[in-house]
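Written below as structure tokens is the structure these notes are about.
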Amino acid sequence: MEHSTAVAFPGLPIIFAEGFKSGRVSMHGHISIALTDLHETVKTETVVSSSSTDIFHVDRKILDSGRGKGMASIIDLMRRKADRKNPLKILSRNHGILSGSSDSGAAALVLSLNNFFRTDFSLNDLHSIARHGSETAYRSLYGGLSEYYFSHHIPHARCLLHAEELRDIVIYAIPFNYPRYNADVLHMNVVQHPHYKKRVLSVERRAHEFKSHLIERDFSRCLQLMEDDAREVHGMFEDLELSVRKEKMLELCHNIEQWRDNGLECFWNVAGASAVYVFTLRKNKNKVFKKLAEYKPIEYKIAGPARIV
């Protein structure tokens, strides 16, 4: 094969994935979605081809941070499993991603290598490799609404609902011009919070409650739990003086809560970057859009799995 191209869509936590152990193993289970804009232009695209020397560029730059080492681990693991030592040229481009691209980057990388090497690994096998680059790569690999969970202390992932089953959920993305924290800074510091152990113990209960509402297709209660979880985690960040929600973002979050108190069903979420995501149901779409008009919202949708193109 001359080259292989994969695309993957970035993710957003629903039940957060803050903190990780060595090997990028999460401290507890979590639930996420993959998302993109309506035209699916928000994505990571990765091309793998043969080369005379190893080249790995992300957005035309050499990736040499901690995440870079993790992505290099993915390449090494895939090479060993495929028993291939030939030099590779790997070019990865991120398009319009607001809240970090390590999840979609790891997913697109492992999928393109799997196709290039013709190794035909299962999604579970690919997840076990991709998480070395990103502890949340599963959400971009599986797409839709997916879960990271432990079985016999080993992390696994599964899709809970496909994107097509979640079309009643409408998302508006609102970026803000604030500097962002490196995600690993948040991960490494939040575990020092005095209530973090309590947080870890409570996550399983919240995830169980979320999945029970999901079975009933009660998306409103699911979205309320999402916002509750985001508020708890961002509260810990703020206690540690690592406030992701800067002034105007915090103001919007409070406005959304006020609109809901006044009868308009909408919910906020913020990951690790300077963007607020507003969730509602399709029946409320026009009313929520009008409330958000001054922020120039971008309509998003829940995305499907990573794929070869």
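The values are calculated or read from the model by the stated rules, or taken from the named source; none is laboratory data. Every value quoted in this text rests on a predicted model; they were computed, and no experiment measured them. Positions of Cβ are generated from backbone atoms using ideal geometry, with glycine treated the same way; all protein chains shown enter the neighbour counts.
So, restricting to helices (runs of 4 or more DSSP H) that lie completely within the range 169-282, which ones have at least 1 residues that are within 15 Å of PRO13 (Cα to Cα)?
183-190, 196-215, 219-239
Residues being outside any helix (DSSP H, G or I) and closer than 30 Å to HIS39 by Cα: count how many of those fall in the range 153-168.
8
Find the residue count for the range 1-58, including only residues that are over 26 Å from LEU145 (Cβ atoms) and of a type in the set (D, E, K, R).
2
Just to be sure, is THR53 of a type in the set (S, T, N, Q) and under 19 Å from PHE9 (Cα atoms)?
no
Got a sec? Which strands (runs of 3 or more DSSP E) wholly within the range 6-82 have at least 3 residues that are modelled with pLDDT under 95 and either of a type in the set (A, V, I, L, M, F, W, C) or surrounded by 22 or more Cβ atoms within 10 Å (Cβ to Cβ) (or both)?
Per the criteria, 55-58.
Examine the range 236-251 for a residue that is over 21 Å from the mean Cα position of the chain (by Cα), modelled with pLDDT of 95 or more and polar (S, T, N, Q), and state whether such a residue exists.
Scanning the range 236-251 turns up no residue that is over 21 Å from the mean Cα position of the chain (by Cα), modelled with pLDDT of 95 or more and polar (S, T, N, Q).
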